[in-house]
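The values are calculated or read from the model by the stated rules, or taken from the named source; none is laboratory data. This one's a predicted model, so the numbers in the text were calculated from it and none came from an experiment. Cβ atoms come from the backbone with ideal geometry, glycine included; neighbour counts cover every protein chain shown.
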Amino acid sequence: MQIVHTIADLRAALAGRGRPAFVPTMGNLHEGHLSLVQQARQHGDVVVASIFVNRLQFLPHEDFYSYPRTFDADCAKLEAQGCDIVFAPKEKDLYPEPQTFKIQPDAQLADILEGHFRPGFFTGVCTVVMKLFQVVFATTGGGVAVFGKKDYQQLMVIRRMVQQFALPIEVIGCPTTRAGSGLALSSRNGYLSDEQRVQAMALSQALKALADAARQGGDLAELEARAMADLRAKGWEPDYLTVRQRSNLLTPADATTGDLVALGAARLGSTRLIDNLEF
Ligand code: AMP
């Protein structure tokens, strides 16, 4: 496995290797990330994973500085999964001058839910992903990019960006990898105490309960409010627990039928976690 840090070195490493399958990450890799690498291996000639904690997608009060950085362990895991190339730029490699040009995503999709609670988040995500896409795919004529459904709205925003800019990239969404308790694996789970880790399973349970209740019928806003109150009673501070249409993340007129997704974001102590469930 090759480890490269600069755009020029990555492009040189990719030359003549065929169609890349690319997995962007912020590192601190767990089984969820590795499942994306496995998918990537089935879809491209050369598997590239990036590790880059993207300052642009953090708000000033968020955890950019404390975000776990475990580069050596990450590389060992990637190598064991058969990853071919790790791209691990320093900030000065990816953003040699301040990145003053940004990608502004569709507000209808990106200013709701996560975008509402983390203003500018999807601008930061789209800007880094567009830049990484240019770095990986501009000299290879396109390829495949693999993202997790764990970040459901992010996957939708990326899909729409790819479509709107006619990028020659096939986006693949992978199912969420969970612990036995149902807790979605996340790098931020590392912030949880042992006690909180037990409490944390309540988030996926709340989404399941909300989805089940929505299918039964009744006023959706009331069901969502009740789901948030129940989660609050378990020690969480929810930002949202909501049922949306999978196609556009808007509120369905009727939740008893159709392709829906329950999405949630909530804080346990100072740790903010997100999860979702398609139903
Ligand atoms: P991150 O390093 O958190 O930015 O995530 C990098 C990629 O891994 C994103 O596409 C995430 O959606 C995906 N990912 C994170 N956690 C999981 C999980 N538990 N299962 C599947 N994919 C995940």
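What the table below lists for this structure:
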{"quantity": "Residue check, Glu97 closer than 26 Å to Arg178 by Cα, surrounded by fewer than 21 Cβ atoms within 10 Å (Cβ to Cβ) and away from the ligand (no atom under 15 Å from the Cβ)", "calculated": "no"}
{"quantity": "Only listed residue being within 12 Å of the ligand (Cβ to nearest atom) and not assigned by TED's automatic domain parsing to the domain that holds Thr25, chosen from Ser204, Ser181", "calculated": "Ser204"}
{"quantity": "Boolean, Ser66 is surrounded by 16 or more Cβ atoms within 10 Å (Cβ to Cβ), small (Gly, Ala, Ser) and outside the structural domain of Thr271 (by TED's automatic domain parsing)", "calculated": "no"}
{"quantity": "Where a residue in the range 163-178 is small (Gly, Ala, Ser) and its partner, wherever it lies, is near the ligand (Cβ under 10 Å from one of its atoms), with Cβ under 9 Å and at least six apart", "calculated": "Gly173/Val146; Gly173/Phe147; Gly173/Gly148; Gly173/Lys149; Gly173/Tyr152; Gly173/Leu155"}
{"quantity": "Unique match (being closer than 22 Å to Gly143 by Cβ and of a type in the set (Phe, Trp, Tyr)) among Phe22, Phe71", "calculated": "Phe22"}
{"quantity": "Test for Ala73: is it surrounded by fewer than 18 Cβ atoms within 10 Å (Cβ to Cβ), assigned by TED's automatic domain parsing to the domain that holds His116 and over 20 Å from Arg118 (Cα atoms)", "calculated": "yes"}
{"quantity": "Residue within the range 102-111 that is surrounded by 22 or more Cβ atoms within 10 Å (Cβ to Cβ) and either touching a His at 6+ places or on another chain (Cβ under 7 Å) or touching a residue at least 40 places away in the same chain (Cβ under 8 Å) (or both) present", "calculated": "yes"}
{"quantity": "Per-region count, the range 136-156, residues within 10 Å of the ligand (Cβ to nearest atom), part of a helix (DSSP H, G or I) and of a type outside the set (Phe, Trp, Tyr)", "calculated": "5"}
{"quantity": "Matching residues in the range 76-87 - criterion: being in a loop (DSSP other than H, G, I, E, B) and crowded, with 18+ Cβ neighbours inside 10 Å", "calculated": "Gln81, Cys83, Asp84"}
{"quantity": "Flag if Thr140 is at pLDDT 95 or above, among the polar types (S, T, N, Q), outside the structural domain of Leu273 (by TED's automatic domain parsing) and farther than 19 Å from Gln104 by Cβ", "calculated": "yes"}
{"quantity": "Verdict on Arg159 being within 16 Å of the ligand (Cβ to nearest atom), at pLDDT 95 or above and assigned by TED's automatic domain parsing to the domain that holds Val125", "calculated": "yes"}
{"quantity": "Strands (runs of 3 or more DSSP E) (entirely within the range 1-59) containing at least 1 residues that are touching a helix residue (DSSP H, G or I) at 6+ places or on another chain (Cβ under 9 Å), on the phi < 0 side of the Ramachandran plot and near the ligand (Cβ under 9 Å from one of its atoms)", "calculated": "20-25, 46-51"}
{"quantity": "Selection status of Val53, hydrophobic (A, V, I, L, M, F, W, C), touching a strand residue (DSSP E or B) at 6+ places or on another chain (Cβ under 9 Å) and in the same structural domain as Gly141 (by TED's automatic domain parsing)", "calculated": "no"}
